[in-house]
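Everything on this sheet refers to the single structure shown next.
The values are calculated or read from the model by the stated rules, or taken from the named source; none is laboratory data. The structure displayed is predicted, hence computed values, not measured ones. Here the Cβ is made from the backbone with ideal geometry for all residues, glycine too, and neighbour counts use every protein chain on show.
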Protein chains: 4
Amino acid sequence: MPARPAVLSIRKAPRQRRSAHTVEAILEAAALVLEADGLEGFNTNAVARRAGASIGTLYQYFPSKDALTLALLQREEGAYREAAAAAAALPDWREALVTFIHVSARQQLERPNLARLLDQEEGRPDIRAALDKGHSFIVLMDGILERAGRSDSKLAAADLLAIIRGMTDAAGERGERDPDNLAHRINAAVLGYLNLLI
Amino acid sequence: MPARPAVLSIRKAPRQRRSAHTVEAILEAAALVLEADGLEGFNTNAVARRAGASIGTLYQYFPSKDALTLALLQREEGAYREAAAAAAALPDWREALVTFIHVSARQQLERPNLARLLDQEEGRPDIRAALDKGHSFIVLMDGILERAGRSDSKLAAADLLAIIRGMTDAAGERGERDPDNLAHRINAAVLGYLNLLI
Amino acid sequence: MPARPAVLSIRKAPRQRRSAHTVEAILEAAALVLEADGLEGFNTNAVARRAGASIGTLYQYFPSKDALTLALLQREEGAYREAAAAAAALPDWREALVTFIHVSARQQLERPNLARLLDQEEGRPDIRAALDKGHSFIVLMDGILERAGRSDSKLAAADLLAIIRGMTDAAGERGERDPDNLAHRINAAVLGYLNLLI
Amino acid sequence: MPARPAVLSIRKAPRQRRSAHTVEAILEAAALVLEADGLEGFNTNAVARRAGASIGTLYQYFPSKDALTLALLQREEGAYREAAAAAAALPDWREALVTFIHVSARQQLERPNLARLLDQEEGRPDIRAALDKGHSFIVLMDGILERAGRSDSKLAAADLLAIIRGMTDAAGERGERDPDNLAHRINAAVLGYLNLLI
DNA sequence: TATGAATGAGTGTTCATTCAT
DNA sequence: AATGAATGAACACTCATTCAT
């Protein structure tokens, strides 16, 4: 029951230990290439070379460049997504919000260039379509805001995510390293937004 | 001694009226292609075709694709930059800030897809290096915040611009059309940031 | 009003004399490669090389390999198709049939390997779909047989074309050179078919 | 001293029953892939997958793709070849000829797509060279025609086989199912050829 | 000055074949 | 004997850029 088109899912599940290692090496190589050379230098041959694998091996596991990008996206966001979901599930909505922001700041400053470029890739139509909409961050944020009793929760959720993403991207780009400080500043903007907007 | 590498500056200043018209046609074609087909479809041959010019003509005015991108960036931001500078020059810093935000919201919703894609291009190292740092928006914002008596004006300016850019990009992408409403929401976040952060 | 999908039609009509020459050179190179190396060696890079053109030039005129194949098919069959139509239009159906066969034999022995390989390509679904069904040879043959008063004209037309194609292909492959002799033998089979089958 | 190059012969004669079964599974998988996906989809990995074997196993029995193709060709033609030889051995040459044709029609309509594609593969130089000339159908047909007292037996044999192959290929491609009817029509052409050509 | 034909390095992708396990 | 991971040459196709006309 493939939830997304076959061409974007991983081509074969690695059965041997060697395979799992190769897949991991390719994904990490993709991350490194993206960080080092940006979207411009992000091509499958470069990734394979960096992974110490052949181009054929890459394509045994990822049926297309988009599938590779998607897999990297999911790998990078996996832990983030879980932590964000856990934050959103906290009983007190204020605590949920603050924790969500903190988690976001920490994630972004981990590998800032990678996160920023993946954010960009996430905007591409093909990738977008393949992402699991049900679990996206906006749903989490919307849940928090509904519990806060906001009638404009959908719009506010979109705005708050835009603030978070905008500020974390910029901070990462500038080379900031302290997630606590960044989270503190995001909190100010977010709480201001919620308080001042009725 | 040119302030930026020759290969990114416009190749020749159009002297005749016909030339000026051609340059303008190419720039507008670049904008249209970018809006219609995204970064994926943005190539010099497509731009020339859309402009009704030959590829050779395009290269007579723009020595490289990056130079074309840069020129478009500057054309699109020209009016915005002036309006933003005027806003920043208002005597009352609060009024300056609110006006700056309003100007930004209006600019972004004018041609949202174009603005968003150009924002992305602006992030590329080559383009970035060629942009005139002296006149960038951060200087304007920093000026406003200094007059507001903030000691952290540099960092706050960066944060506020990130908020503005993040929210306007997302709003444009969602298809919002009303700059007043958008500006209102941005104000809340920005003022909250300034009030809550001592 | 493109009767067939754009991706299979020629990409641009050559405007300058140089272009027309290039297109012709590429088509002839395609024919030569096909004759020399068969379908196995028929790739766009080889064709371009043989034409003394770059691969980019090839793709300026033919948007895909299939489009090139199709254009070659049409070039090779152009004169044949006209001659066959003229034959089929002869008042006496017997004369029409005999002339049709003669024309077919001559065409096939002209460049036998090329004709045979193009016959094969003609069978591929993509190519087939793009070919103009209205003018295909079976329609011509069907017309002749209807005038001969046959009630089974559709089936008979298919059979006779199969006989003609089968015999001409084999003759060409064996290196036969005399179209008159070949046509004579085809006539025997075809007339036998028509006489003996009621 | 092998009659054909080692690389095209089967790699090892299957000694154990399991091996024989594997070889058969691979050959049938090759047939199925060819029928389902055509020459375009006919690749060794797909065949192995369909056979439920690994690619390594395939290469243990068939040293190359061509060897696999050749083996399939021989498997498919095995029964046909025997039946055709039996037909050709009938005392009355007319009966031999008619039976030969009937056998051919039946064979072709059995698995029409497979037969047609294998006919095509049979035309490739490499495959051709490896086929055992001594037992080919043309020898059988030549024998029949010699007994019919024809001096042009070699040429006539080639022509008649071309007629038979052309008509059966086309009939199979059109989806015909009745070998009797097809054989009847082929008879007409063949007898016409023999009668009319002195 | 304008044109557009030509270029060719580069990119995504396939697939026959090998070989360590 | 069987497996399947790995290889890399080969191919279709794109697009920024040049230059003869």
Q) Identify, please: which residue in segment B:3-50 is modelled with pLDDT under 90 and within 25 Å of B:Asp119 (Cβ to Cβ) and is, among those, nearest to DNA strand F (Cβ to nearest atom)? A) B:Val7
Q | Hits in segment D:24-42 - residues which are without any contact (Cβ under 8 Å) to a residue 40 or more places away in the chain, away from chain C (no Cβ under 14 Å) and within 16 Å of DNA strand E (Cβ to nearest atom) | A | D:Ala29, D:Leu32, D:Val33
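Does segment D:52-74 hold any residues that are in a helix (DSSP H, G or I), away from chain C (no Cβ under 14 Å) and more than 9 Å from DNA strand F (Cβ to nearest atom), and which are they?
Just the residues of segment D:52-74 that are in a helix (DSSP H, G or I), to begin with: D:55-61, D:65-74.
This time we only want the ones that are away from chain C (no Cβ under 14 Å), so: D:55-61, D:67-68, D:70-74.
Residues satisfying the conditions are D:Ala67, D:Leu68, D:Leu70, D:Ala71, D:Leu72, D:Leu73, D:Gln74.
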Q.
Any residue at all in segment D:115-131 that's among the polar types (S, T, N, Q) and touching a residue at least 60 places away in the same chain (Cβ under 8 Å)?
A. yes
Q: Say whether the condition of being under 21 Å from D:Met167 (Cβ atoms), in contact with a helix residue (DSSP H, G or I) (Cβ under 6 Å, 6 or more places away or on another chain) and among the small types (Gly, Ala, Ser) is met by at least one residue in segment C:94-106.
A: yes
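Listed residues D:Thr168, D:Thr99; which is assigned to a helix (DSSP H, G or I), within 19 Å of the chain's Cα centre (by Cα) and away from every other protein chain (no Cβ under 14 Å)?
Values: D:Thr168 fails: away from every other protein chain (no Cβ under 14 Å).
Going through D:Thr168, D:Thr99 in turn, the sole match is D:Thr99.
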Q: Report, by residue number, each residue of segment B:43-75 that is free of Cβ contacts under 8 Å to residues at least 60 places away in the same chain and buried (at least 20 other Cβ atoms within 10 Å of the Cβ).
A: B:Val47, B:Ala48, B:Ala51, B:Leu58, B:Tyr61, B:Phe62, B:Leu68, B:Thr69, B:Leu72
Q: Scan segment D:171-198 residue by residue and report those that are among the hydrophobic types (A, V, I, L, M, F, W, C), free of Cβ contacts under 8 Å to residues at least 12 places away in the same chain and more than 8 Å from every other protein chain (Cβ to nearest Cβ).
A: D:Ile198
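Results for (1) more than 30 Å from C:Ser153 (Cβ to Cβ); (2) not charged (D, E, K, R), shown as yes or no for each residue.
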| position | (1), (2) |
| --- | --- |
| D:Gln120 | no, yes |
| D:Ser136 | yes, yes |
| D:Gly143 | yes, yes |
| D:Arg147 | yes, no |
| D:Ala162 | no, yes |
| D:Leu191 | no, yes |
| D:Ile198 | no, yes |
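Okay, residues lined up against (1) buried (at least 23 other Cβ atoms within 10 Å of the Cβ); (2) under 22 Å from B:Ile198 (Cβ atoms); (3) among the hydroxyl-bearing types (Ser, Thr, Tyr):
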residue: A:Arg150; (1), (2), (3): no, no, no
residue: A:Lys154; (1), (2), (3): no, no, no
residue: A:Ala157; (1), (2), (3): no, no, no
residue: A:Ala162; (1), (2), (3): yes, no, no
residue: A:Glu173; (1), (2), (3): no, no, no
residue: A:Leu182; (1), (2), (3): yes, yes, no
residue: A:Ala189; (1), (2), (3): yes, yes, no
**Q.** Count - residues of segment B:99-146 that are exposed (fewer than 15 other Cβ atoms within 10 Å of the Cβ), of a type in the set (A, V, I, L, M) and modelled with pLDDT under 90
**A.** 1
Q) Quick one: is C:Arg116 touching a helix residue (DSSP H, G or I) at 6+ places or on another chain (Cβ under 9 Å), within 12 Å of chain D (Cβ to nearest Cβ) and under 17 Å from C:Gln74 (Cα atoms)? A) yes
Q. Quick one: would you say D:Ser104 is within 13 Å of chain C (Cβ to nearest Cβ) and among the hydroxyl-bearing types (Ser, Thr, Tyr)?
A. yes
Q: Test each condition in (1) more than 13 Å from D:Asn187 (Cα to Cα); (2) modelled with pLDDT of 95 or more for C:Asp159 and report the one that comes out false.
A: (1)
Q: Would you tally the residues in segment B:52-66 being of a type in the set (Gly, Ala, Ser) and more than 9 Å from DNA strand E (Cβ to nearest atom)?
A: 1
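So is D:Leu68 modelled with pLDDT of 95 or more and over 20 Å from C:Gly38 (Cβ atoms) or not?
On the way: modelled with pLDDT of 95 or more: yes; over 20 Å from C:Gly38 (Cβ atoms): no.
No; evaluated as a whole, the condition is false for this residue.
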Q. Which of (1) within 13 Å of DNA strand E (Cβ to nearest atom); (2) away from every other protein chain (no Cβ under 14 Å); (3) under 24 Å from D:Val139 (Cβ atoms) does D:Asp126 not meet, given it meets every other one?
A. (2)
